[in-house]
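*Asks:* Here's a structure for you.
The values are calculated or read from the model by the stated rules, or taken from the named source; none is laboratory data. For clarity, every value in this text was computed on a predicted model and none was experimentally measured. A quick note on method: Cβ atoms are made from the backbone with ideal geometry, for glycine too, and the neighbour counts reach across all protein chains shown. To get the accessible areas, we keep the full protein, side chains included, count just its heavy atoms, and leave off ligands, DNA and RNA. Shrake-Rupley method; radii C 1.70, N 1.55, O 1.52, S 1.80 Å.
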Amino acid sequence: MSHGTSLEHLTLVQAKEELARLADELAHHDRLYYVENSPVISDGEYDALSVRNGEIEERFPELVRPDSPSHRVGAPPANSFLKVAHTQPMLSLDNAFDSDEVNDFIGRVRRFLRLCSEVNIDLVAEPKIDGLSAALRYEHGIFTRGLTRGDGHEGEDVTANLRTVLGVPLRLDTKSPPAVLEVRGEIFVRKDDFLKLNLRQENTGGSVYANPRNAASGSLRQLDPSVTANRRLNFYAHGWGEISTQLGDTYSVILDTFLGWGFSVNQVTKLCPSIEDALCVYQEIEAQRSELPYDIDGVVYKINRIDWQDRLGAATRSPRWAIAHKFPAERAFTVLRRIIIQVGRTGALTPVAELSPVTVGGVVVQRATLHNEDELSRKDVREGDTVIIQRAGDVIPQLVSVVINKRLEESKPFIFPEVCPECGSGAYRETDSRTGRLEATRRCSGGLICPAQAVERLRHFVSRDAFDIKGLGEKQILAFWNDGIIKSPADLFNLEKNDGKTGPSLSLREGWGEISAERLFSAIAQRRTISFDRFIYALGIRHIGRSTARLLARNYGGLDELVNSLIMARDVTSDSYRELLSIDGIGETAASALIEFVLEPKNRAVIDELSFHLEINEVFAPTVDSVISGKIVVFTGSLESMTRGEAKNRVETLGGTVSSSISSKTDYVVVGQKAGSKSRQARDLGITILSESQWLEMAQPLSTTTER
Ligand code: IVH
């Protein structure tokens, strides 16, 4: 193609046309180069096209297209990434560690779908790349937004960076793109690029990455997209989120469609007509592992039929239609130098092995957890022992066993301390109320006076999934704590008001300046409004993780309601206690941790102080709008059209909750065949009773949102 018109004579209309042509042409060559591996023009010719594109855009900045090839070289730097909620949560995968567990998976699928053993189940087997997942949104074929996975519910907007990634088309190569399409997949750095990158980092004094996955994550989260552009990130599509139209009947066909639209798709992927074939593919891939250009940690099997995937749905954390068959963990020998005792935020004393540094699975390991006192004495681990260390994927390195014949003569059994190494308070093991046995964990009784716990508690409070206050790391919190400036979470919200009143102002403290102090104040101010589930999680109550916090937020609309209900639940015969346990996902351990927490006056004082400073956003927004959303549903008897698991899944997808028992809080009782006493109970309480067909009618989304 010729660029006859010189730049200065180009009219607006001509420029617009030429930019459109260049976008097309460059996208075509990108595809030949990155996806099909068969370029037809030289690098020089390619560069000439992009230079021309850049020059025209410079003269007519108003004509820069959303799919402009110039985005590939990176937009101007950002200050931070915007947090954006995923329209559908980004889940993770369940793991299987051997073929029995894979067979169990298929067994579960058959039972769930009620398929007899004669029915064939096609699977797709693909490498599980050790990268990080990203979600790419296309509106009418144009790439509009890209998010990291984040915590699965909320990711970071890294659109400008994703525009620079190979295998991410800026525009879909199709005449009739879907109105909305969110393609999900893996971002990764190739092994050879990783080595080159680290060499470059070393030479320029930059930070060296521990493994390709960290390099990918670090590179994708660069504030300056031109840095990302230089990092050679890759993308393989392996799924989707929100879609405005069905993509196809099978996963394998959809992957082909993605390929046709310009996405990179892993070519090692195989369609397997049976589980036996899939297990053979696992072995083939494992044999190729070291030769593959990227790091993998297993093989993912996915049910090929999309209607089955839809029926199977997902549990809280992972879909039921896929499983990751992991490769065996990698192991190494090393010497255990010392056993230290760490005190966690809940006061748990954890023995940790300090090791002579050793490389396991490409990562240098210097520490391994020894779990607890019992585990330590069971393995009879001693200082000076030669030990076997294992690392499985992302999991903290584990100490597998001691090499007894290498034990030093003078070695002595390790004596576990009975006082907290941090505050000197007594450390005790609780007795399990049900079994009467000693708990495995020894805990410091120093509660709030124990520096380890206070600082840990604060650190947890400001952590990413809790209040997410940037600029407050462990070091800063410790310094504030030592100087008595922040002793409890509520002090954070007085920091700005009291600044400079009793000592030097923050901007004069070591490690701080005016800008960083201002930034911290504003980060704290922004968090004066907080979602209810984050608030609950931030309290750091034992056994209350993120998903339990979310369940509580959803079931108890507000803080007062939650606290009052928990106080009443101290009586195990009360309705409140029954109600708490009827929440699917809350067991006795979590229930008693919650009740113990609110019964402790010191904790309630902390809650009161906090609620004085905060606006707690108590609405829990479901992703799909339906008459079921926010409602509590109880099923009784057996359903004809779906299994219990499917029914529960349907309710949760529609934003409701399933409870196992009826209370005054129940909104609907669905009565199937052979229903028992529950339907009578429901009638007595005046709760709406639905037949199976009425329920099916109700359990539909009102509208699937395509706009946000
Ligand atoms: S499918 C519901 N396919 O593994 C999640 N994931 O442990 C569906 N991953 O977060 C994911 N290779 O980042 C899928 N071929 C593959 C994958 C893959 C790597 C990652 C992905 C996900 C994690 C889950």
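*Asks:* Taking a 1.4 Å probe, which of Leu233, Leu599 shows the most accessible area, and what order do the others take after it? Mind dumping the intermediate values first?
*Replies:* Numbers: Leu233 5, Leu599 65 Å².
Result of the area sort, largest leading: Leu599, Leu233.
*Asks:* Follow-up. Which FRET efficiency value, to the nearest 0.05, is calculated for Glu640 and Ser42 with the Förster distance at 45 angstrom and r the Cβ-Cβ distance? Could you put the intermediate results ahead of the total?
*Replies:* Values: r = 65 Å, r/R0 = 1.45.
After rounding, the FRET efficiency stands at 0.10.
*Asks:* Follow-up. Pop a pseudo-label 7 angstrom from the Cα along the beta-carbon direction at both Arg331 and Val227 and give the gap in nm to one decimal.
*Replies:* In this crude spin-label approximation the distance works out to 4.0 nm.
*Asks:* Please report, in cubic angstrom per residue, the volume enclosed by the convex hull of the alpha-carbon atoms of region 47-181. Write down the numbers at each step before the final one.
*Replies:* Values: hull volume 25.7 nm³, N = 135.
That works out to 190 Å³ per residue.
*Asks:* A further question follows. How do the peptides 481-490, 406-415 rank, highest first, by the average count of neighbouring beta carbon atoms within 10 Å per residue? Provide the component values of the computation, followed by the final result.
*Replies:* Details: 481-490: 16.4, 406-415: 10.5.
In decreasing order of mean packing, 481-490, 406-415 become 481-490, 406-415.
*Asks:* Then there's this: Once you list every other residue whose beta carbon is under 12 Å from the beta carbon of Ser488, what net charge do they have if Lys and Arg are +1 and Asp and Glu are -1? Walk me through the numbers on the way to the answer.
*Replies:* Working: positive: Arg457, Lys487, Lys602; negative: Asp491, Asp608, Glu609.
So the environment of Ser488 carries a net charge of 0.
*Asks:* For region 500-566, what is the accessible area per residue in Å², given a 1.4 Å probe and the full set of protein chains? Don't skip to the end; give the middle numbers.
*Replies:* Values: 3260 Å² over 67 residues.
I get 49 Å² per residue for region 500-566.
*Asks:* Same structure, new question: Could you pull out every residue, at least 5 positions away or on a different chain, whose amide H is within less than 5 Å of the one on Val158? Hs are placed 1.01 Å off N in the peptide plane, and Pro or chain starts have none.
*Replies:* Gly146, Leu147, Thr148
*Asks:* Let me ask something else. Please report the spacing between the Cα centers of region 665-703 and region 269-292 in Å, no decimals.
*Replies:* Going from one Cα centre to the other spans 46 Å.
*Asks:* Still on this model: Counting other Cβ atoms within 10 Å, which GluC sites (Glu not before Pro) in region 565-643 have at most 11 and lie in a DSSP loop? Mind showing how you got there, number by number?
*Replies:* Numbers: sites: Glu579, Glu588, Glu596, Glu609, Glu615, Glu618, Glu640; in loops: Glu618, Glu640.
Here the sparse-neighbourhood loop sites are Glu640.
*Asks:* Between Thr688 and Ala85, with labels modelled 7 Å along Cα→Cβ, what's the label distance in nm to one decimal, could you check?
*Replies:* With each label point 7 Å from Cα toward Cβ, the separation is 2.3 nm.
*Asks:* Still on this structure, please answer the following. Near Gly424, within a Cβ-to-Cβ distance under 15 Å, what is the net charge of the other residues, with Lys and Arg +1 and Asp and Glu -1? The partial results should precede the final answer.
*Replies:* On the way: positive: Arg442, Arg443; negative: Glu418, Glu422.
Neighbour charge sum, excluding Gly424 itself: 0.
*Asks:* Order the following by accessible area, largest value first: Val64, Val671. Probe radius 1.4 Å; ligands, DNA and RNA are ignored.
*Replies:* Numbers: Val64 60, Val671 35 Å².
Result, largest first: Val64, Val671.
*Asks:* OK, next. For region 587-708, give the percent of accessible area contributed by carbon and sulfur heavy atoms, probe 1.4 Å, rounded to a whole number. Walk me through the intermediate numbers first.
*Replies:* On the way: 3200 of 6520 Å².
Carbon plus sulfur share of accessible area: 49 percent.
*Asks:* Could you calculate the contour length gain from Asn482 to Asp104, that is, 0.36 nm times the residue separation minus the distance between their Cα atoms, to one decimal place in nm? Walk me through the numbers on the way to the answer.
*Replies:* On the way: separation 378, 0.36 × 378 = 136.08 nm, distance 5.27 nm.
Result for the pair: 130.8 nm of gain on full extension.
*Asks:* Going highest first, how would you order 452-461, 142-151 by mean Cβ packing within 10 Å?
*Replies:* Working: 452-461: 21.7, 142-151: 20.1.
The densest-packed peptide leads the list: 452-461, 142-151.
*Asks:* Short version: ³J(HN,Hα) in whole Hz for each residue of region 476-489, in order, from phi by Karplus 6.51 cos²θ - 1.76 cosθ + 1.60 (θ = phi - 60°), x for Gly and Pro, what are they?
*Replies:* Ordered by residue, 3J(HN,Hα) equals 5, 4, 4, 4, 4, 5, 4, 8, x, 7, 10, 10, 9, x Hz.
*Asks:* Given a 1.4 Å probe and every protein chain left where it sits, what share in percent of the accessible area of region 475-575 is carbon and sulfur?
*Replies:* Numbers: 2540 of 5260 Å².
Carbon with sulfur: 48 percent of the solvent-accessible area.
*Asks:* Would you mind working out the accessible area per residue for region 318-412, using a 1.4 Å probe, and quoting it in Å²? Walk me through the numbers before you get to the answer.
*Replies:* Working: 4610 Å² over 95 residues.
Per-residue accessible area for region 318-412 comes out at 49 Å².
*Asks:* Select from region 499-552 those GluC sites (Glu not before Pro) which occupy a DSSP coil region and have at most 10 other Cβ atoms within 10 Å, ordered by residue number.
*Replies:* Details: sites: Glu510, Glu514, Glu518; in loops: Glu510.
Listed in order of number, the matching sites are Glu510.
*Asks:* Still on this structure: Please compute P(r) over all alpha-carbon pairs of the chain, binned at 20 Å starting from zero, and give each bin as a whole-number percent.
*Replies:* Result returned by the calculation: 14, 43, 37, 7, 0.
*Asks:* Right, here's the next one. Every cysteine in the chain with no other Cys Cβ under 4.7 Å from its Cβ, please list them in numeric order.
*Replies:* Singleton cysteines: Cys116, Cys272, Cys280.
*Asks:* Further, regarding this structure: Can you give the helix-only mean residue ellipticity at 222 nm for the chain, where every DSSP H stretch with n ≥ 4 adds -39500 (n - 2.57) and the sum goes over all residues, rounded to the nearest 500 deg cm²/dmol? Spell out each step's value before the answer.
*Replies:* Numbers: 23 runs with 241 residues, N = 708.
-10000 deg cm²/dmol, from helical runs alone.
*Asks:* Could I ask something else about it? Need the list of lysines near Lys16 for cross-linking: C-alpha distance under 30 angstrom, and skip anything on the same chain fewer than eight residues off.
*Replies:* Reachable lysines: Lys175.
*Asks:* First measure r as the distance between the Cβ atoms of Val208 and Asp310, then evaluate 1/(1 + (r/R0)^6) with R0 = 41 Å and state the FRET efficiency to the nearest 0.05. Walk me through the intermediate numbers first.
*Replies:* Values: r = 44 Å, r/R0 = 1.08.
With R0 = 41 Å, the Cβ-Cβ based efficiency is 0.40.
*Asks:* Here's a follow-up. Using DSSP, restrict attention to beta bridges with both residues in the chain and report what percent are antiparallel, rounded to the nearest 5. Could the numbers behind the result be given before it?
*Replies:* Values: 77 of 94 bridges.
Antiparallel: roughly 80 percent of the beta bridges in the chain.
*Asks:* Ok, one more. Based on the Cβ-Cβ distance from Thr369 to Ser318, what FRET efficiency comes out when R0 is 22 Å, to the nearest 0.05? Before the final figure, lay out the partial values.
*Replies:* On the way: r = 24 Å, r/R0 = 1.10.
Using R0 = 22 Å, I get an efficiency of 0.35.
*Asks:* Could you pull out the pairs from Lys83/Lys602; Lys487/Lys665; Lys128/Lys196; Lys191/Lys326 whose alpha carbons sit more than 27 Å apart here? Walk me through the intermediate numbers first.
*Replies:* Numbers: Lys83/Lys602 33 Å; Lys487/Lys665 39 Å; Lys128/Lys196 23 Å; Lys191/Lys326 20 Å.
Checking Cα-Cα distances, Lys83/Lys602; Lys487/Lys665 exceed 27 Å.
*Asks:* In addition: Suppose each label sits 7 Å from its Cα in the direction of the beta carbon; what would the Arg578-Ser661 distance come out to in nanometres?
*Replies:* So the label points at Arg578 and Ser661 sit 0.6 nm apart.
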